[in-house]
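Right, one structure below, let's go through it.
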Amino acid sequence: MSALLEIRDLSVALPLPAGTLHAVREVDLTLDRGQSIGIVGESGSGKSMTALALMRLLPRGARHGATRLAFDGVDLASLSDAGFAREIAGPRIGMIFQEPMTSLNPVYTIGRQMTEGAVSRGMLSAPDARRKALDLLDRVGIPDPETRFGQFPHQMSGGQRQRVMIAMTLMLDPELLIADEPTTALDVTVQAQILDLLDDLRRERDMATILISHDLAVVAERTDSVAVMYGGQVIEQGAADDVLHRPAHPYTQSLLHAIPQVGGTPARLSAIPGTVPSLTRPPTACVFAPRCDHRRAECVAQRPPTRTGASGHAWRCVLETPPRSGRGAEPLRAPPTAANADIVLAARDVRQVYTTRKAMFAAKREIVALDGVSIDLHRGETLALIGESGSGKSTLARILLGLAEPTSGEVTMLGRPVAALSPVERASFVQPVFQDPYSSLNPRRRLSEIIERPLWLRGEHDAAKRKAAVDEAMDHVRLPKRLLHSYPSQLSGGQRQRVAIARALVTRPEALVCDEPTSALDVSVQAQILNLLDDLRAEMGLTCLIITHDMAVVHQVADRVAVMLEGRIVEEGPAQRVLASPESAYTARLLAAAPRFEAVPDRLEVAQ
């Protein structure tokens, strides 16, 4: 019996002004019905480009080829674009994209977008398509599916749009589902619900799945096999347990060392130095050699051979025996916050009520977003705010930043009411760092302009002082000065997030409010950012409020944790105590839903 999907020697080349970018090279993948494979690696390693090549969604001008590209015995290369779109894309191979807002049509309702594919192809009648769409919306956790069915994408949160995208892809019952970061924007309970749904569908329909993710804990829990990509190549592949618990390639080992753990004593993470290379010519040596701790002379003189272990575990490395890392745990730099430290940001009995109506002439109804929230943030402290989507976290953050006025209650900054501060004073006191640095940075401005912009708005017109402040901010976030005249599009995801933090720090604020600052980053870049926050606390005494759904990040950076549910704080206390022995059943449920990767980095087993 042949495999459902067979890929042999896949390559993708993209023409650029400076030459040809060899984005994917020599990729081999095989997938059987009902099997799940995880593709992992840093941003720029070729994961998504491999999936786009399979779906014929490559950028214009891109060239791709393969010695074998077959689906269920059908040679995909023999199909025309029209034939592929009619017979394969959608009804047989479905894809969930990472950014749902760019995948959903903003002028069509959710219901129309979900049903038109099945109806236009004659697979379902309009009433049957509507019933199936409502059922899928309910299964992916969309509240009030009947109402949401008639809404537009902009009327839903990012997590809800992602769930709609998943439900829309499942409408056509594909035999192979490609999921590109399907749970990045989702909180832990919804993430678990979506992954459980995909697992159930895989068993019910014998559906195969390709899961592209930077969350190695999710990959470890939800896939049968794993392919690790770097520099456009698959450099390690095998059963998930072998690859993630007995890694053979130094790069895989380095990725695993960068994962924050939920248990134990927090320590500095082992971030991989440098970035994934953009190869404008085929490599003649090991692509990972410039960043490898175990580099030898032969690594830069020849391409590494493919070595094979037990159960089909394969990796590309010149080392005959997988190395042991030997890295020790380095303690965090920031000292614990004193219990009597000054309160720099406080909310007292904050209540936020919104008025809405389902239709133009319908009766008004009230939505309570915050219900009597009180919280203190001490100098030099990192407070993690966790909870499901819709619990009020972002609403509270906007009020703490002074971007919204509460219906009742009071917010103070160093004892002064926020309402009494001017916008310039508020901006000098507290600054935000958003989840997606690319959308929060002006793509038409150079880094120097982006970072110094808050100084302009504050009225600082001395060019020398602005330049000195920009240089200091870049030093704080470890950005090289050679990037000063670069644009955001020329930077990696981690560098863009550092720019966002530098812009927030340039006015030397007392506090940062970080909304999911690492959720869109791969594990190595996440490690760099989390280490950076530790450095800033140690060097500047910076105070941070971090909104996140990643319990490992909470364990890594937080002194205290506040848990929100339906606009209220249901539990608050020291991070170690809350994570180890939660008092609230809701907190326990959040922790139980969070994926965990249990391997201890400095004691990882290696393949024999």
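The values are calculated or read from the model by the stated rules, or taken from the named source; none is laboratory data. Only a predicted model underlies this, so the values are computations on that prediction, with no experimental measurement involved. Heads up, the Cβs are rebuilt from the backbone with ideal geometry, glycines too, and the neighbour counts pull from every protein chain shown.
See the values below:
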{"read-out": "Set T20, T67, T30: member being in contact (Cβ under 8 Å) with a residue 60 or more places away in the chain and over 17 Å from Y230 (Cβ atoms)", "value": "T20"}
{"read-out": "Entirely in region 358-475, the helices (runs of 4 or more DSSP H) that have 1 or more residues that are at pLDDT 90 or above and surrounded by 14 or more Cβ atoms within 10 Å (Cβ to Cβ)", "value": "393-400, 447-458"}
{"read-out": "Evaluation of R327 against (1) modelled with pLDDT under 80; (2) closer than 30 Å to A427 by Cβ; (3) not β-branched (V, I, T) (one fails), failing number", "value": "(2)"}
{"read-out": "Matching residues, region 224-265, being under 22 Å from V553 (Cβ atoms), crowded, with 23+ Cβ neighbours inside 10 Å and touching a strand residue (DSSP E or B) at 6+ places or on another chain (Cβ under 9 Å)", "value": "L244, T252, L255"}
{"read-out": "Residue in region 2-60 that is surrounded by the most Cβ atoms within 10 Å (Cβ to Cβ), counting only those that are of a type in the set (K, R) and outside any strand (DSSP E or B)", "value": "K47"}
{"read-out": "Filter pass, P282 being surrounded by 15 or more Cβ atoms within 10 Å (Cβ to Cβ) and on the phi < 0 side of the Ramachandran plot", "value": "no"}
{"read-out": "Failed item in (1) under 30 Å from L533 (Cα atoms); (2) hydroxyl-bearing (S, T, Y); (3) assigned by TED's automatic domain parsing to the domain that holds D293, with S213 passing the rest", "value": "(3)"}
{"read-out": "Inter-residue pairs, beta-carbon under 7 Å, first at positive phi and in region 292-316, second modelled with pLDDT of 90 or more, 6+ apart", "value": "S311/G238; S311/A239; S311/D242; G312/G238"}
{"read-out": "Condition met for E204 (more than 21 Å from S519 (Cβ to Cβ) and in contact with a Pro (Cβ under 9 Å, 6 or more places away or on another chain))", "value": "no"}
{"read-out": "Residue list for region 173-208, filter: on the phi < 0 side of the Ramachandran plot and in a loop (DSSP other than H, G, I, E, B)", "value": "P174, E175, P182, T183, T184, A185, L186, D187, M207"}
{"read-out": "Those residues of region 440-457 which are closer than 14 Å to Q495 by Cα and of a type in the set (D, E, K, R), in sequence order", "value": "R446"}
{"read-out": "Qualifying position, being among the aliphatic types (A, V, I, L, M), under 25 Å from S389 (Cα atoms) and in a loop (DSSP other than H, G, I, E, B), among I166, I142", "value": "I142"}
{"read-out": "Search result, residues across region 119-139 that are more than 30 Å from A70 (Cβ to Cβ) and crowded, with 21+ Cβ neighbours inside 10 Å", "value": "A133, L137"}
{"read-out": "Residue ID - surrounded by the fewest Cβ atoms within 10 Å (Cβ to Cβ), chosen from residues in region 71-100 that are without any contact (Cβ under 8 Å) to a residue 40 or more places away in the chain and assigned to a loop (DSSP other than H, G, I, E, B)", "value": "S80"}
{"read-out": "Qualifying residue in region 481-493 (condition: touching a residue at least 24 places away in the same chain (Cβ under 8 Å) and within 25 Å of E381 (Cβ to Cβ))", "value": "no"}
{"read-out": "Filtered residues of region 225-270 (kept if part of a loop (DSSP other than H, G, I, E, B), on the phi < 0 side of the Ramachandran plot and more than 22 Å from the chain's Cα centre (by Cα))", "value": "R246, P247, A248, H249, T265"}
{"read-out": "Residue list for region 101-118, filter: surrounded by fewer than 17 Cβ atoms within 10 Å (Cβ to Cβ), outside any loop (DSSP other than H, G, I, E, B) and at pLDDT 90 or above", "value": "R112, E116"}
{"read-out": "Residue in region 122-136 that is in contact (Cβ under 8 Å) with a residue 40 or more places away in the chain and either at positive phi or in contact with a Leu (Cβ under 6 Å, 6 or more places away or on another chain) (or both) present", "value": "no"}
{"read-out": "Some residue of region 209-216 being under 22 Å from H245 (Cβ atoms), in contact with a Phe, Trp or Tyr (Cβ under 7 Å, 6 or more places away or on another chain), hydrophobic (A, V, I, L, M, F, W, C) and buried (at least 22 other Cβ atoms within 10 Å of the Cβ)", "value": "yes"}
{"read-out": "Selection within region 270-290 - at pLDDT 90 or above, in contact with a strand residue (DSSP E or B) (Cβ under 9 Å, 6 or more places away or on another chain) and not β-branched (V, I, T)", "value": "C286, F288"}
{"read-out": "Count of region 518-539 residues which are over 14 Å from the mean Cα position of the chain (by Cα) and closer than 11 Å to H214 by Cβ", "value": "0"}
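So that you can scan it fast, the table gives a plain yes or no per residue for (1) crowded, with 19+ Cβ neighbours inside 10 Å; (2) within 30 Å of R351 (Cα to Cα); (3) among the hydrophobic types (A, V, I, L, M, F, W, C); (4) in contact (Cβ under 8 Å) with a residue 12 or more places away in the chain:
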{"residue": "Q495", "(1), (2), (3), (4)": "yes, no, no, yes"}
{"residue": "R503", "(1), (2), (3), (4)": "yes, no, no, yes"}
{"residue": "V506", "(1), (2), (3), (4)": "yes, no, yes, yes"}
{"residue": "P509", "(1), (2), (3), (4)": "yes, yes, no, yes"}
{"residue": "V513", "(1), (2), (3), (4)": "yes, yes, yes, yes"}
{"residue": "P517", "(1), (2), (3), (4)": "yes, yes, no, yes"}
{"residue": "E539", "(1), (2), (3), (4)": "no, no, no, yes"}
{"residue": "H555", "(1), (2), (3), (4)": "yes, yes, no, yes"}
{"residue": "T587", "(1), (2), (3), (4)": "yes, yes, no, yes"}
